[in-house]
Amino acid sequence: MSAKLIDGKKVAESIRNQVREDVIQWMDYGNRRPYLQVIQIGTDPGSTTYIGAKTKACQDVGIGTGTDRLPDTISAKELKQIVKKYNESNQIDGILVQLPLPNHLSAHDVIESIDYRKDVDGFHPMNVGRLAVDQPTFRSCTPAGIFELFKYYSIQVKSKHAVVVGASNIVGSPMAIMLSRENSTGKATTTICHKFTKDLTQHTISADILVVAAGQPNLIKGEMVKEGVVVIDVGINRVADENSDKGYKLVGDCDFESVSKKASWITPVPGGVGPMTVAMLMKNTLLAAKNSIYPENNK
Ligand code: NAD
């Protein structure tokens, strides 16, 4: 078998087109333009790149945005005061603190300081908790984007064996929650693997749907998957490449060459999951704007 490509760029574009139309309609009703406030702490080049992509997407769909760039010496107290100011502003719908944070700041504390009704990343414990009990919420953007891909390509998840490799709070865990819920979204039998999993292949080989978010280039090889598996490669890893002007190239967590020979569907890196994450952030920001006018949606 040779895998068909899941084109995240194309699907993300269609979602952004829809958000753009919805923003126009929202403003036609007399509402203010939705606004995403980004906070960057320090000058990490990866963070700067991701914020650049999010800013561009906001401009593309007509969502207002600005980035508050703060020094990496900022104290937790000072940062929380700034977040509080944005929480209280009625001109701001979504707040995003770009991760990772400098070591002296706790991501948990910072995320919890964001008003959950403005947490468009879907990382706040209130939103993760609501996800876990099938309540309407801001769904974490990457898993939500993956479900949009399943929908677009009519990939059935219900009753399948889904294996998630990686259990982080921002990708692996919410993905596993969404796959496993029996009353909404996934309805799949779900296995979660992480760095303490003893025999990874024992699990990946039985996956009908394999989602890999470990941040380990080439972790999954062809011999670790079965024929016909659907592979969602979330990983974004920089590896040295002397043929590239930048000196590196981006690869996922799967050995594309060998895995794509056995899979039925596969996401490429780049151009698979990444664009979906940004598109879902746009969707969540518009939802936050709507929820601020119709707070009953937050109940
Ligand atoms: P993380 O470092 O927070 O978590 C990694 C997870 O993988 C952990 O649960 C860890 O236990 C597990 N893991 C690590 N090595 C493993 C191994 N050998 N076997 C099994 N499990 C292992 O990372 P994250 O923030 O979840 O990101 C994971 C990857 O996804 C990274 O490459 C990141 O850049 C990428 N990412 C992509 C998007 C996107 O939009 N495409 C979004 C977020 C993250």
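The values are calculated or read from the model by the stated rules, or taken from the named source; none is laboratory data. If you're wondering where the values come from, they're calculated on a predicted model, not measured in any experiment. Note: ideal-geometry Cβ built from the backbone for every residue, glycine included; neighbour counts use all protein chains shown.
What pairs can you find where one residue is in segment 222-244 and free of Cβ contacts under 8 Å to residues at least 12 places away in the same chain, the other is among the charged types (D, E, K, R), and their Cβ atoms are less than 9 Å apart, with a gap of 6+ or different chains?
As it stands, the answer is 240/249; 241/249; 243/249, since those pairs meet every condition given.
Looking at residue 229 and the list (1) more than 16 Å from the ligand (Cβ to nearest atom); (2) under 30 Å from residue 26 (Cα atoms), which single condition is not satisfied?
(2)
Could you pull out every one of the strands (runs of 3 or more DSSP E) wholly within segment 1-102 that has 2 or more residues that are of a type in the set (A, V, I, L, M)?
On the way: elements: 35-41, 64-70, 94-97.
Counting at least 2 such residues, we get 35-41, 94-97.
Of everything in segment 254-273 that's outside any strand (DSSP E or B), within 18 Å of the chain's Cα centre (by Cα) and crowded, with 24+ Cβ neighbours inside 10 Å, which residue is nearest to the ligand (Cβ to nearest atom)?
Filtering first and then ranking leaves 273.
Identify the single condition in (1) surrounded by 23 or more Cβ atoms within 10 Å (Cβ to Cβ); (2) more than 16 Å from the ligand (Cβ to nearest atom) that residue 142 does not satisfy, given that it satisfies every other one.
Unmet condition: (2).
Can you tell me which residue is farthest from the ligand (Cβ to nearest atom) among those in segment 175-189 that are of a type outside the set (Gly, Ala, Ser) and more than 21 Å from residue 254 (Cα to Cα)?
183
Out of (1) surrounded by 23 or more Cβ atoms within 10 Å (Cβ to Cβ); (2) in contact (Cβ under 8 Å) with a residue 40 or more places away in the chain, what's the single condition that is false for residue 161?
(1)
Residue 282 - would you say it is aliphatic (A, V, I, L, M), more than 22 Å from residue 166 (Cβ to Cβ) and within 16 Å of the ligand (Cβ to nearest atom)?
It is true that residue 282 is aliphatic (A, V, I, L, M), more than 22 Å from residue 166 (Cβ to Cβ) and within 16 Å of the ligand (Cβ to nearest atom).
Does segment 194-213 contain any residue that is basic (Lys, Arg) and at pLDDT below 95?
No, segment 194-213 contains no residue that is basic (Lys, Arg) and at pLDDT below 95.
Looking at this structure, is residue 134 at pLDDT 95 or above, in a loop (DSSP other than H, G, I, E, B) and charged (D, E, K, R)?
Here the answer is no, as residue 134 does not meet what is asked.
Test residue 172 against the stated conditions and say whether it is more than 16 Å from the ligand (Cβ to nearest atom), within 19 Å of residue 280 (Cα to Cα), of a type outside the set (Lys, Arg) and in contact with a strand residue (DSSP E or B) (Cβ under 9 Å, 6 or more places away or on another chain).
no
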